[in-house]
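Following: one structure in structure tokens, then a few remarks.
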């Protein structure tokens with residue numbers, strides 16, 4: 001599996017296509033100073049959030065209320081510092097939509 005992921009990771013199209021077939025919401029974020037920026041959403045995430053202005057390139061604080069963004073930042077930083085995944089349930093209120101998404105989030 002590790003070898004497969006190493007090979008696929010060099011082919012961005014194949015890599016993203018693989019996530020697009022996953023029915024769960026998949027978000028890939030990158031560290032952006034003291035926050036995290038969305039760099040990829042799979043098709044399930046796009047269909048669930050249905051935003052006119054996409055998530056791509058936006059920091060957590062730009063798409064979530066500040067208190068939710070702060071809570072997620074804390075969890076993401078915990079994963080980053082411990083290198084261990086965590087599991088939790090979060091109800092998200094997405095800015096510009098009154099959309100509540102109750103998802104189990106597994107951070108890797």
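Just so you know, all these numbers are worked out from the coordinates, no wet-lab data involved. Computed from a prediction, not measured in an experiment: that's the story for all the values here. Positions of Cβ are backbone-derived with ideal geometry, glycine not excepted, and every protein chain shown enters the neighbour counts.
List of remarks:
- Sorting 63, 12, 79 by the number of Cβ atoms found within 10 Å of their own Cβ, with the fewest placed first, yields 12, 79, 63.
- Extension gain, residue 62 back to residue 20 (0.36 nm per residue minus Cα-Cα distance, nm): 12.7 nm
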